[in-house]
Structure formats: structure tokens, C-alpha cells
1. Give all pairs with beta carbons closer than 6 Å in which a residue from the stretch 553-573 that is at negative phi and surrounded by 13 or more Cβ atoms within 10 Å (Cβ to Cβ) meets a residue that is part of a strand (DSSP E or B) and acidic (Asp, Glu); count only pairs at least 6 apart in sequence or on separate chains.
2. Which condition from (1) without any contact (Cβ under 8 Å) to a residue 40 or more places away in the chain; (2) part of a loop (DSSP other than H, G, I, E, B); (3) farther than 29 Å from GLY293 by Cβ is the one that SER459 breaks?
3. If we keep just the residues of the stretch 316-342 that are surrounded by fewer than 24 Cβ atoms within 10 Å (Cβ to Cβ) and of a type in the set (Gly, Ala, Ser), which is farthest from VAL382 (Cα to Cα)?
4. Being surrounded by fewer than 24 Cβ atoms within 10 Å (Cβ to Cβ), within 24 Å of GLY320 (Cα to Cα) and among the hydrophobic types (A, V, I, L, M, F, W, C) is the filter here; which residues of the stretch 355-401 pass it?
5. If I ask for residues that are surrounded by fewer than 24 Cβ atoms within 10 Å (Cβ to Cβ) and either more than 23 Å from GLU470 (Cα to Cα) or of a type in the set (Lys, Arg) (or both), which ones from the stretch 407-448 would you list?
6. Looking at GLU321 and the list (1) farther than 25 Å from ALA242 by Cβ; (2) under 14 Å from the mean Cα position of the chain (by Cα); (3) of a type in the set (Asp, Glu), which single condition is not satisfied?
7. From (1) outside any strand (DSSP E or B); (2) open to solvent by less than 40 Å² (accessible area, probe 1.4 Å), pick out the condition that doesn't hold for ASN181.
8. Name the single residue, out of those in the stretch 292-315 being of a type in the set (Ser, Thr, Tyr), surrounded by fewer than 19 Cβ atoms within 10 Å (Cβ to Cβ) and without any contact (Cβ under 8 Å) to a residue 40 or more places away in the chain, that is farthest from SER359 (Cα to Cα).
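The values are calculated or read from the model by the stated rules, or taken from the named source; none is laboratory data. Owing to the predicted nature of the structure, the values given are computational and were not obtained by experimental measurement. With ideal geometry, Cβ positions are generated from the backbone for all residues, glycine too; neighbour counts draw on all protein chains shown. Only protein heavy atoms, including side chains, enter the accessible area calculation; ligands, DNA and RNA are left aside. Shrake-Rupley method; radii C 1.70, N 1.55, O 1.52, S 1.80 Å.
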Amino acid sequence: MKRNIYFMMIAAITLLVASCGSGDVWEDSNDNMTPGTGGSMSAGTTTTTGGDLDKLTIAIDSTTALTENESVPSDDEDYVENSDFTSKISIAYSGSSATVTGSATGVTVTTSGADVTVKSTAKNIEYVLSGSTADGSFKVYSDKKYKVTLNGVNIKNNDGPAFNDQSGKRVFMVLSSGSFNSFTDGTSYASSSEDQKGTIFSEGKLIFSGAGKLRVYANTKAGISADDYVMIRPNTNIYIKATAGNGIKANDAVTVNGGIVNIETSATASKGISSDSLVNINGGRTIILTTGGGEYDSDENDASACSGVKSDYDFTMKGGELQCMSSGAGGKGISSDKQIIINDGTVKVITTGKTYNYSQNIDSKAKGIKSDGNMEINGGSVMVKATGSDGSEGIESKGTLKITGGTVEAYAYDDAINSASHMYIQGGYIYAFGMYNDGLDSNGNMYIQGGTTVAYGTSSPECGIDANEEGGYHVIITGGTLVGIGGGTSYPSSSSTQPAIVYGGSVSSGTTLALNSSSANVLTFKMGRTYGGNAVILFTSPSLKKGSSYTLYSGATATGTDWHGLITSASVSSTGSSAGSVSSLSSPYSSIGNTSGGMGGMGGGGGR
């Protein structure tokens, strides 16, 4: 976050560092530059690594190398296995016609060329679709739930949805094992008093299962749309390409329990997965690419842009893999109007777009993962790269943000991890790299209570860790291991119960720092960024004890387990030269070297 003018003047007058806060924007041909590849960088700071996040890529992948087991509740009506479909009607498409085989009391099937319409009042009906048509459709009116088995069917409808359910009941769409199926809509729809919101449209619940392949091409509206909810089960293989709308759109929820789901959208402000309520990812592998730009939303008087996943309520993830890449202006990977909760699974997000500006006060900034409410990350693996321009943040919560477990890695043009309210680091492994702003930025208190964290901010006045001290908030450390590096830092408050050491000096990338108590190593860290001038580094660890003496060495040689430079279980073969000592560690912190350039550096701990 921006520093107040007083501290910026102090930093400039003392010539501790060359100030280059996030208000500076480098608009040149290397807007999406990665470290070490050239391009204009901030004066006084050279970014040298994104901890491999700068190399993160995402691409469509339809390979089926997934082993999925599913527990089917015997009393859950969303599982086709729990219903008996005793009557079968087969529809075989062939060019401009369709042949109907089988019948059932209460079911009428009519054909007009290759347009097939079903009207049913019967229970337990299964429709089996096969064959191919370049100008046909399948439309159903049913008083009861039904099953549709896709057994190698390819339907293109030139003037509307290829599959159109008007029943409002459950539709079980089963992909026959080993089959290849496709649905394509036209480039325009004939007018109708009925809803027809996508290539595959249902007024009711739409549930996909089976071990076949489904390809959906949407030229006018969404690929798959339901006025109720959409559920995708294990072993399915679905690809959606939407050029004028969303990939999957549902009113009540989109739930992915398994399978392979690939989605590409290119329309302005389109979403890969969009729900007016919930989005739940519980298994499988979902990959979403969006390339459209932003637009003005007159209904909301706001700017709208693409998102890989957009939930108007909560987003939850309990397993599986979700990968989202958005390259358009203002694009987001995962966006929720309420809370985001990640309990398990793998999340990979890339955004490369700049800010979409509609007017001076209306815009959409590119974000990796964004919640308008609270956010919790309790497990799994989260990797985010947001490299567009000023305002491109990796992970942002408009409420509180809490990390209790898993691994979280964020690499961003602006703040790597940001919360509008309090931030809690309670567990897990966290890496935050702010290219031109803060690593961890809390606009409330920042509570470091556990976990293992490495956080880089850029040069002064930006910080590795930054609490809103101007607003009366603080960093409170009660546990965990953390190394925060920047041109400045927010200093631990008196409420902290675990002490810290703050070092200020010039340290080059690749230099290993070893913090020792007597001859015992307490913490070892290898720098991954060079600061042209002073760097301010905050160290804290449960191994630090108030009243003990410590020496910080520079140029050490060490081996061990490396978490973005933090070497755990380190074996130090050479300590290098002393960078300074603390004779008796104070609470909440003691300083070594020249730390007055950082926020809070005018006062605080002793032991200098």
C-alpha cells in the first residue's frame, strides 16, 4: 500500500533507498516481462526470480490420466444409478433426417427434418442419441426426470440450441463409455418465447456422467446453461469453446465432482464457469482459458471483465485441480462476490491483462484470485501469477484473509497477497512476491501465528510485510517462521509474544544469510532478489528467545530443504562474515544495521 508523504520524504532525504512505490507504472513493450528478460524495472530494485512462478504456464489438456473413485450415496437423487429407466427410445440422426425407434405410453416424438421434439408425461424414460446432422436439434418437454445417453451423436443446429430441455426436471446426460459426442449451435437463434440460453440448455438440473467425450461449440450464447444447477461427475471428458458467451452458466450452482473439463471463452467479459449462486470444485481437472476484454455493465454501473470462474455467492474447493488463465484487460482467474474457501486440491491461476478502464472512476483490475467477502485457504496447493500492470494483485480478499494450511505461492505485479481487513497466517507454507509493491499487505492487523512464510516487496516504501499502520493497525507475531524482505517493513507491535530481528543493509541476490545463536544455526535464508541500496529484512522464528544473543552472517554456505530461499534443517558449512549482532534480543524485536528507511523504523526495539 502507499506510504504517507512524511515517510517518503524521510526515505528520500536520508538516501537510504531509491523510492519506487506502486504509484510508478512502466508502460512499455515489456508489460508482461518476467525477471531477467529485460524491460524497464523500478529504480534501485532488480527482480531476479519469481521462485519458478514466473515460468508457470497453463494450457488445455484433454488427456485422461486421472484415476477417480466415486462414492455414490444410495438416497441421493442426483445420481443416475439411483433411478430406474425402464423404457428406451432411440433417435438416430442421419444428415437431414432422424429415425426414431421404440415407444412408451405417455411419450410422443415428432420429427421435422432432423429437428426432434419430445413431449412426455411418463416416468423412467431413457433417450439414446446417435448419428450426425449438420442442421438438427433435440428438444424435450417432460413432466418427469429423464435420462439421455449420448452414444456417438453429433448435432449442429443452425438457428438455436442443439439440445434444448424445457422440462424443468432433472436431466441425466450420460456419455456412453468410449463414445465421441458433439453439440454446436448456430451463429444466430430464431426468435422464441422460450428460454434458449446455450448450445446445451436446460430449464432444470443438468447432470453429466459416463466415460465418453463431449465437445460443445457455442457461437451465440453459453456452451452449457441451466436455470437450475449443473453437476459434472468423475470420468467424463468435456470440452467447451464459447465465442459469444460463457462456457458453463447456471443459476443455482456449478459443481465439478470429477472428470476432465476444458473451457475456452473469447467473448468480452465472458466467464469460463459462472453461477448466480455457488461454485464447488470437488475433484477432477478443470482448465479454463479466457481471452476477452472488459466492458461497462450498465445494470451495475460498473466495469465487468472475463473470469475463469465467477461465483455470485461462495466459491469452495475441496479437491481436484483447477487451472485458470485470463489474458484480457481486467481479467481474473477466480472471482467470488462472497467468500472463497479452499480446503484441498490444486489451484493454478495466471492473469496477464492490464486494467480495463471504462472511465476515470470505473474500471476492472486484473486479479489472480479475488473475493468480495472473506477468504480462507486451509489446505491444498495454490499458485498464482498476475503480471499485467498496476493493480494486478495475486490474491485479494475484500474482507479478512486466513491461511491455515497447504502451500500458497503468489507472484504479482502489484501486491502478491492483499486483504482489505485483517490477515491471519496460521499455518502452511506461504510465498509472496510483489514485483512493484508489497509481498503481504493487510489493511487491518496482520497476525503471524504459525506457518512458514517468505514475502518479498519491492524497494522503499514497499514492504515484505505491510500492516495498515497509518490506520492504527499492527503486525502481531505469536508464532510461525517468517522472512519478510522489502525496502521497508511493518514492525512487530508490543502485542507480539514471539520476538523478531530486523536487519537493514545491502544484500545481493544469491547471498545466503545465517542467523546463529552462539554456534547453533537458528535460521538460514538465501536471497532471491537484489535491492539497489538498503533492504530491510524481518526474521522471526519460534527458535528466537527473548534475552538471547544472536549474530547474523552474510555469505554463508548451507544445504537443506529450500522453501523459496528459506533453508530448513540447514547444515551450515561456512558462516561467511558477520553482518551484525544482537547482545540481548528485545521484545517485540531488535534491529541490526540500518533499518530506519522502513515503515516504523523511527522507533521500536533495542539491540541495535
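1. If the second residue must be part of a strand (DSSP E or B) and acidic (Asp, Glu), no pairs are left.
2. (1)
3. The qualifying residue farthest from VAL382 (Cα to Cα) is SER327.
4. Passing the criteria: only MET383.
5. Of everything in the stretch 407-448, those that are surrounded by fewer than 24 Cβ atoms within 10 Å (Cβ to Cβ) and either more than 23 Å from GLU470 (Cα to Cα) or of a type in the set (Lys, Arg) (or both) turn out to be THR407, GLN426, GLY427, GLY428, TYR429.
6. (1)
7. Result: ASN181 fails condition (1) only.
8. TYR313
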